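So the structure is just underneath, and the comments pick up after that.
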Amino acid sequence: MVEADGFPANGRLELLDGEIIGMSPQKRSRKARVYARNQVPAYWVINRRDRVLAIHRQPAGERYRLNETRQAGERVSPRAAPGCTVAAQDLLP
């Protein structure tokens, strides 16, 4: 179910953000702080240059408590659909 503001009613929204190769670490950090401050439960970043999937979960203030990296060959499950797994390589270029 989706509420009028476009966010899931269950509060289990996860963002998938394709990182631009030239994006500075400062800009990535700023985006993560905004998402954490607004209580986005999970924030996924596709790092094209390093070919890794960075997953940030459990927002606390302006940061995420849990930060993980997945590489090609590894799998990940979105919290909104724990029974579903995705191969990291399917998200990487």
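The values are calculated or read from the model by the stated rules, or taken from the named source; none is laboratory data. Just so we're clear, the structure is a prediction, and the values are computed from it rather than from any experiment. We place every Cβ from the backbone using ideal geometry, glycine too, and count neighbours over all the protein chains shown.
Could you please find all residues in region 19-76 being part of a helix (DSSP H, G or I), surrounded by fewer than 16 Cβ atoms within 10 Å (Cβ to Cβ) and of a type in the set (A, V, I, L, M, F, W, C)?
VAL34
Restricting to region 58-93, give me the number of residues that are among the charged types (D, E, K, R), under 12 Å from the mean Cα position of the chain (by Cα) and modelled with pLDDT under 90.
1
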